[in-house]
Each structure stands twice: as structure tokens, then as C-alpha cells.
Amino acid sequence: MTKIIKTVSEFLIIRESSNYVNDSVGFVPTMGALHAGHMALIKKSKEENDITVVSIFVNPTQFNDKSDLENYPITLTEDLQKLNEADVDFLFLPNYNELYADNYKYSVTENELSKKLCGAFRPGHFDGVLTVVLKLLNIVRANFAYFGEKDYQQYLLIKGMAESFFVNTEIVSVPTVRDKDGLALSSRNVRLSKENRVKATLFPQLLNHSVVPEKIRAMLEEDGFKVDYIEIIEDRIFGAVYLEGVRLIDNVKI
Ligand code: PAF
């Protein structure tokens with residue numbers, strides 16, 4: 001049975017317990033609405049560690065768009081059932097007032113990669129992500145923390161932050177989990193209409209079959225997508241698009 005911990009002080013007591021100190025701890029931070037992508041992170045953590053901690057916290061500081069935050073799916077009962085079935089040891093469910101006792105006076109900023117791709121279109125987004133992840137890493141003090149490659153830019157930024165601030169947790173990436181038709185799993189996919197859910201598959205298909213960003217952008221726009229960016233950085237092609245106001249991101253190694 002997954003033990004639910006709602007306060008930082010309660011978590012700190014667990015952390016000092018002998019099991020926690022002596023065993024290897026894996027951590028999977030999430031914003032809930034758990035799907036098979038999250039479960040792949042949890043599976044890897046379970047395989048590699050004695051104890052697995054999952055957190056659920058819909059972090060307001062990383063939402064630059066108020067309506068995106070308001071529409072973010074919350075499915076706590078189903079999430080808890082999945083965590084129990086996966087035999088997760090601890091669910092950490094902090095609240096804003098405790099996590100942000102400083103009311104976000106202090107934040108973490110990265111000045112290069114965080115300004116590109118999603119960062120160029122979502123001002124402040126990565127400051128919010130890095131700040132909350134640093135807080136969570138400092139509270140949980142896991143040996144390993146797991147992040148999905150769908151959010152590859154996020155993974156790189158968190159890895160860089162952990163190294164820069166000497167955080168004693170190794171940041172591990174896990175390959176993107178996709179539906180049978182190729183669409184990367186995301187908590188936002190449930191907000192797509194049936195018709196647009198079918199249309200959405202064009203996005204990963206084009207990222208997989210072309211390395212000409214302008215061509216991909218033109219084809220997506222012709223099909224009714226609003227495109228934020230299609231861009232190659234090093235050996236990956238990254239994209240972010242909207243379908244009926246739902247933002248989808250993806251990336252593929254080329
Ligand atoms: O990827 C997410 O779900 C979030 O950005 C994270 C890492 C849990 C931070 O809020």
C-alpha cells in the first residue's frame with residue numbers, strides 16, 4: 001500500500017528512518033494525471049531502487065498560461081490506484097503554501113537552453129520547473145530521479161541544474177512512451193476531440209520522416225495545426241504545436 005505524505009515535515013521524518021537512509025531511493029516527480037509514460041518512469045525506478053517515491057504537485061509557477069493551469073487534468077483517485085498497483089512506497093503530495101513559503105521570491109534560472117524551443121514561447125516556464133524540481137530534490141534526497149524524454153529540453157535543464165548545484169541525485173532519462181499510432185503520451189492528450197486525436201498523429205509521423213523543419217511546419221499548418229516551433233538542435237528534431245488550443249510537444253533523435 002502506497003503511503004501518502006502531505007507535508008514536508010512528515011517527509012523529513014521518513015527520510016531520517018533507517019530504511020530510507022540505507023536503501024537506494026528512486027524519485028519520480030509528476031503533476032499527476034498518471035499515464036503509461038509515468039508508469040514507465042516508475043517501473044524503471046522500481047527496478048533500480050529499493051524504495052520509490054512519486055510526487056504529485058501541479059506546479060503553478062511553470063504555467064505561463066492561466067487557462068492551461070485551470071484545465072490541467074486532476075485525477076487523484078485513479079492516480080492513487082495506479083500507484084498502489086505498481087507497489088510504489090511513498091506518494092508525496094505537498095501543497096503550494098508549504099513548498100513556496102517564500103511565495104516564489106527565490107527561483108532558479110538557466111540562461112541559455114531555457115531561452116530556446118519551449119522557453120522562447122513560454123516565458124518563465126523553465127524557471128518554474130527548475131525551482132520546483134530543486135525544492136523536491138532537496139526534500140526527497142533520492143539517489144536517482146527519473147524524467148521522460150518527451151520533455152527532452154526539461155530533462156537536459158534539470159540534469160544541468162543538478163550538476164551546477166551539486167545535487168546528490170543522479171538525473172536519469174527514460175524513452176518516450178507512445179500510443180500505438182505514434183503519438184507521445186501526455187496528460188494533455190485527453191483534451192483533444194476524437195477527430196483531432198486522429199489528426200495529432202501527423203505530428204510524430206512528420207518528425208520521424210523529415211529533417212527539413214520548414215517542410216514539416218508547412219505541412220502541419222496546412223492541416224490546421226498552429227506551430228510554435230520545429231527546430232533541430234544537435235542530433236534531435238524538436239517540435240511544439242497546438243491543436244484546438246491543446247499544446248503538444250515531441251522530439252526525435254535524427
Ligand atoms: O514534467 C513534469 O511533469 C513537470 O514539469 C515536473 C518535472 C513534475 C515539475 O513540475
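Here, each number is a calculation from the coordinates, and none is a lab measurement. None of these values were measured; they are calculated from a predicted model. Methodologically, a virtual Cβ is constructed for each residue, glycine included, from the backbone with ideal geometry; neighbour enumeration extends over all protein chains shown.
State the three equivalent ellipsoid semi-axes of region 125-254, derived from the C-alpha gyration tensor as the square roots of 5 times its eigenvalues, in descending order and whole Å.
30, 16, 13
What 222 nm value per residue comes from the helices of the chain, counting each DSSP H run with n ≥ 4 as -39,500 (n - 2.57) and dividing by all residues, nearest 500 deg cm²/dmol?
-11000 deg cm²/dmol
Which distance in Å, rounded to a whole number, links the C-alpha centroids of region 19-56 and region 128-170?
14 Å
Below 28 Å, Cα to Cα, which lysines can LYS82 reach? Residues fewer than 8 away in the same chain don't count.
Excluding near neighbours in sequence, the set is LYS3, LYS6, LYS43, LYS44, LYS46, LYS135, LYS150, LYS159, LYS180, LYS194.
Hey, quick one: spin label on ILE233, modelled 7 Å out along Cα-Cβ, who in region 126-155 has an amide N within reach, i.e. under 12 Å?
It comes to 126, 151-155, nothing else.
When you count, for each residue, the other Cβ atoms within 10 Å and take the mean per peptide, how do 137-149, 65-77 rank with the highest first?
With the highest mean Cβ count within 10 Å placed first, the list reads 137-149, 65-77.
Cα convex hull of the chain: mean projected area in nm², to one decimal?
13.5 nm²
Hey, can you list the DSSP H helices of the chain whose Cα span along the axis is 20 Å or longer and whose average Kyte-Doolittle score is at least 0.0?
On the way: long enough: 125-140 (22 Å, 1.51).
TM-like helix candidates: 125-140.
Name the most mobile residue of HIS209, HIS125, HIS35, meaning the one with the largest mean-square fluctuation, in a Gaussian network model of the chain with Cα contacts below 10 Å.
HIS209
Run a plain Debye calculation on region 107-149 (Cα atoms as equal point scatterers, no solvent) and give log10 I(q)/I(0) at q = 0.15, 0.27 Å⁻¹, rounded to two decimals, same order as the q list.
The calculated log intensity ratios at q = 0.15, 0.27 Å⁻¹ are -0.43, -0.96.
When ranked by the protection proxy of mean other Cβ atoms within 10 Å per residue, highest first, what sequence do the peptides 98-107, 23-32, 244-253 form?
Descending mean neighbour count gives 23-32, 244-253, 98-107.
With θ set to phi - 60° and the Karplus curve 6.51 cos²θ - 1.76 cosθ + 1.60, what are the ³J(HN,Hα) couplings of region 95-112 in order, to the nearest whole Hz, using x for Gly and Pro?
10, 4, 4, 7, 5, 10, 4, 8, 6, 6, 6, 9, 8, 10, 10, 10, 10, 10
Evaluated at 25 °C with a viscosity of 0.890 mPa s, what Stokes-Einstein diffusion coefficient in µm²/s does region 1-70 have when Rh comes from the Kirkwood expression over alpha-carbon pairs?
For the chosen part, D equals 177 µm²/s.
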